[in-house]
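Quick notes on the structure that follows.
Just so it is clear, none of the values below were taken in a lab; they were calculated from the coordinates. The structure presented is a predicted model; accordingly, all values stated were derived computationally and were not measured. Positions of Cβ are backbone-derived with ideal geometry, glycine not excepted, and every protein chain shown enters the neighbour counts.
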Amino acid sequence: MRALIFTILLLFATGCGAGQTQDLSNRVPPVTATPTVATTTDGDMTVSDCKICKFDYASYKGDLKKEEIDGLLLALNDEYMAWATYDRVNKDFNNPRPFSNIQRAEETHADRLKVLFKTYGVPIPENPWVGQTPKFNSVAEACKAGVDAEIANRDLYTKLFKSTAREDILVVYRALQRASDENHLPAFQRCGGGVGEGGPRGRGNGRFN
């Protein structure tokens, strides 16, 4: 989901759509393997850019239902993708704020999800997004993409709330959604001039986790 937004913004920024009509609705960053699709039981959530969602449900002996495993994988995929995207921005532009801080926060988010993976005996996949995310022409351009990415992350967690009734999982989902909505999103709006699908929001509390 974040990858789709980043790619659309990147294509417009580099002029790929100038003077011609293109359907960009299905464009995603290059992948090294065919992406899988994970869907909750109510059919409300379908994500085609999840690189870690292939899972051997038949061999799983833990307590989670399929939709709960899908939810954890989608959440970790999104945090992995954010970390890798912000890592590229940091390397390309010498650790600009707020990317340097938010990348560390994304690592913390992934670690919180990994605790749940361990608790329920779900194997923890490695991050396949490193080196597979879009490049930006400027920090300001990356900030504007970050706004939409954090809005997408917030909306993803709203959908993930429907995937489980387990309070320990929901506590983590709520905390990560709150961090995106109240901390990361305002920080990117400040550095990107408030541009994004969600429009200006609160000022945040200065924390990124």
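Applying 1/(1 + (r/R0)^6) with r as the Cβ-Cβ distance of Arg190 and Ala58 and R0 = 41 angstrom yields a FRET efficiency of 0.30. With the simple model of a label 7 Å out from the Cα in the direction of the Cβ, Lys118 to Ala165 spans 2.9 nm.
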